[in-house]
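*Asks:* This is the structure, below, for whatever I ask next.
The numbers here are math on the coordinates, done by the rules we state, and not lab data. Since we're looking at a predicted model, the values are computed, not measured. We place every Cβ from the backbone using ideal geometry, glycine too, and count neighbours over all the protein chains shown.
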Amino acid sequence: MIMFDSILVICTGNICRSPMAERLLLKYLPEKKIASAGLNALVGHPADATAERIAAAHQISLLGHSGRLFDVADAHKYDLLLVMEQKQLEKISILAPELRGKVMLLGRWMGNREIPDPYNKSEAAFESVFNLIDMACHHWVQKLGRKLTGKNHDDNDQK
């Protein structure tokens with residue numbers, strides 16, 4: 001099994017999707033170094049208010065988040081770079097071809113599914129995106145060798 005001790009989650013503005021994924025992964029993998037950034041980040045901005053509300057409804061806090069710009073030198077410090085969309089993967093591959101081997105879609109284990117940007121969309125859109133991110137994070141956690149238990153993770157959910 002490949003060991004990933006550090007993960008950088010990347011989206012566009014670093015105020016919606018990547019902060020949600022970062023905090024979910026931190027919850028599931030507290031022993032890992034996990035951070036987020038945006039390719040066109042709203043630097044210094046807190047998480048989007050709707051993203052905060054939806055995450056909080058799922059017991060995930062985005063408080064204290066501050067938008068951070070993706071930096072190639074910083075990205076080299078991470079074992080795994082998770083992006084939301086194919087175009088983000090391609091952009092990073094152009095910016096830093098040497099990183100290509102460790103850049104993957106967050107939705108890789110869901111048929112390479114992209115996670116759409118909910119920015120400026122409805123609460124329902126944010127809820128849908130949060131659920132997609134959570135599902136994708138579960139897949140990554142399982143691939144990284146961790147068993148999830150508790151709400152939304154038990155086999156009992158199939159009943």
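*Asks:* In whole Å, what is the distance between the alpha-carbon centres of the range 121-137 and the range 58-95?
*Replies:* When both Cα centres are located, 18 Å separates them.
*Asks:* Right, something else. Note down the relative contact order for the range 57-152 as a percent, whole number, built from C-alpha pairs under 8 angstrom at least six residues apart.
*Replies:* Over the range 57-152, the number comes to 19 percent.
*Asks:* Out of the DSSP beta bridges found with both residues in the chain, what percent are antiparallel (nearest 5)?
*Replies:* Looking only at bridges with both residues in the chain, the antiparallel portion is about 5 percent.
*Asks:* Classify the range 91-149: rounded, prolate or oblate, from the alpha-carbon gyration tensor (a ≥ b ≥ c, eigenvalue square roots; a/c under 1.5 rounded; otherwise prolate if a/b is larger than b/c)?
*Replies:* It comes out oblate by the Cα gyration axes.
*Asks:* I've got another one for you. Largest first and to the nearest Å, give the Cα extent of the range 12-71 along each principal axis.
*Replies:* 27, 26, 16
*Asks:* Quote the charge dipole size of the range 1-121 about the Cα centre in Debye, to the nearest 20; the model charges only the Cβ of Lys and Arg (+1) and of Asp and Glu (-1).
*Replies:* 180
*Asks:* Under a point-charge model restricted to the Cβ atoms of Lys and Arg (+1) and Asp and Glu (-1), what is the dipole moment magnitude of the range 45-101 relative to its Cα centre, in debye to the nearest 20?
*Replies:* It works out to roughly 60 debye.
*Asks:* Multiply the residue gap between Met135 and Arg53 by 0.36 nm, knock off their C-alpha separation, and tell me the result in nm, one decimal place.
*Replies:* Fully extending the segment from Met135 to Arg53 adds 27.7 nm.
*Asks:* Continuing with the same structure: Have a look at Leu63, Leu99, Phe4 and report the one farthest towards the positive end of the charge dipole of the range 1-131, computed about the Cα centre with Cβ charges (Lys/Arg +1, Asp/Glu -1).
*Replies:* Value computed over the given set: Phe4.
*Asks:* Oh, and also: List the aspartates and glutamates whose alpha-carbon lies under 12 Å from that of Lys27, not counting same-chain residues fewer than 8 positions away?
*Replies:* Asp134
*Asks:* Can you tell me the FRET efficiency between Ser61 and Glu123 if r is taken as the Cβ-Cβ distance and R0 is 22 Å, rounded to the nearest 0.05?
*Replies:* My answer for the efficiency is 0.80.
*Asks:* Let me ask another. Identify all aspartates and glutamates with a Cα-Cα distance to Lys91 below 19 Å; exclude those on the same chain that are fewer than 8 residues away in sequence.
*Replies:* Qualifying aspartates and glutamates at Cα under 19 Å: Asp71, Asp74, Asp79, Glu114, Asp117.
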